[in-house]
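Okay, so here's the structure we're looking at.
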């Protein structure tokens, strides 16, 4: 099988591990810089080109698309889908998960536990929004942010009003969420492949930091999930339509709440914390499921 990995840097840990895992299982691998791709959009024979050459013979793709180029990256994935190439995560599912507000609405509709979340257009509604989520401290998130960027903890209502005013002045879209104090600056990253959690780790933010992202100095340890946490992670990935996902949970007093569903989860932290070959599990999933034209959306949506 020829597997294309959509990645801008073949030296990144996650990309490198996927290459190694695919080659170990006897597959041919092509790393495709999706940012450099260009497309011929036609009814008869849609095609994708890179550096003057047509990309041909790819049986399946693994999108590793950064949030900064979601629009163009998902267009490339959609073009592959139109060509009948199997994508481990489909374009519509990636777009859905990248929109924090849309993702929260979809998860809430299906009864998934979430932090109480408020969203408005006008700063004049700030007082009501803060009441919705139980008042300060609150977490204010830019909808376009990723990896903890654009996430602010406001410890007082006055501080929250100042941040909201600043974000509104920048014409930025944001949402306000209750602060889950009992989580103690930690979260749980569940790596879902197919219909099961294949690895999980607890991420703890460094002292004084409420964000637990590893690249912000957080630490990762092995964690044992409860059946409810495992079920919540799998259901969340399924609601988004993702076959491979990183689902971030907080342990709240009322049960697990989902913070985010990531369509391009990093592999380094979770492979090192759990000593599991997650990259190999992703390749194995592709082997079992990749068939020409099997991508459900076929470029729709």
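The values are calculated or read from the model by the stated rules, or taken from the named source; none is laboratory data. All of these numbers come straight from a predicted model, not from anything done at the bench. For neighbour counting, all protein chains shown are included, and Cβ atoms are generated from backbone atoms with ideal geometry for every residue, glycine included.
Values as computed for the structure displayed
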read-out	value
Answer from 290, 237, 273 - the residue that is closer than 18 Å to residue 86 by Cβ and surrounded by 20 or more Cβ atoms within 10 Å (Cβ to Cβ)	237
Positions within the stretch 270-301 being part of a loop (DSSP other than H, G, I, E, B), touching a strand residue (DSSP E or B) at 6+ places or on another chain (Cβ under 6 Å) and modelled with pLDDT of 95 or more, in sequence order	276
Matching residues in the stretch 50-90 - criterion: being part of a loop (DSSP other than H, G, I, E, B) and either farther than 22 Å from residue 27 by Cβ or without any contact (Cβ under 8 Å) to a residue 60 or more places away in the chain (or both)	51, 52, 55, 56, 57, 58, 66, 83
Unmet criterion (only one of (1) part of a helix (DSSP H, G or I); (2) surrounded by fewer than 20 Cβ atoms within 10 Å (Cβ to Cβ); (3) touching a helix residue (DSSP H, G or I) at 6+ places or on another chain (Cβ under 9 Å)) for residue 23	(3)
Yes/no for residue 93 being touching a strand residue (DSSP E or B) at 6+ places or on another chain (Cβ under 6 Å) and within 24 Å of residue 287 (Cα to Cα)	yes
Matching residues in the stretch 122-137 - criterion: being farther than 21 Å from residue 179 by Cβ and in contact with a helix residue (DSSP H, G or I) (Cβ under 9 Å, 6 or more places away or on another chain)	122
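Residues checked against (1) in contact with a helix residue (DSSP H, G or I) (Cβ under 6 Å, 6 or more places away or on another chain); (2) assigned by TED's automatic domain parsing to the domain that holds residue 70; (3) within 17 Å of residue 246 (Cβ to Cβ); (4) modelled with pLDDT under 90:
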| position | (1), (2), (3), (4) |
| --- | --- |
| 109 | no, no, no, no |
| 112 | yes, no, yes, no |
| 150 | no, no, no, yes |
| 170 | no, no, no, yes |
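Okay, residues lined up against (1) free of Cβ contacts under 8 Å to residues at least 12 places away in the same chain; (2) part of a strand (DSSP E or B):
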residue: 92; (1), (2): no, no
residue: 95; (1), (2): no, no
residue: 125; (1), (2): yes, no
residue: 135; (1), (2): no, no
residue: 141; (1), (2): no, yes
residue: 172; (1), (2): no, no
residue: 182; (1), (2): no, no
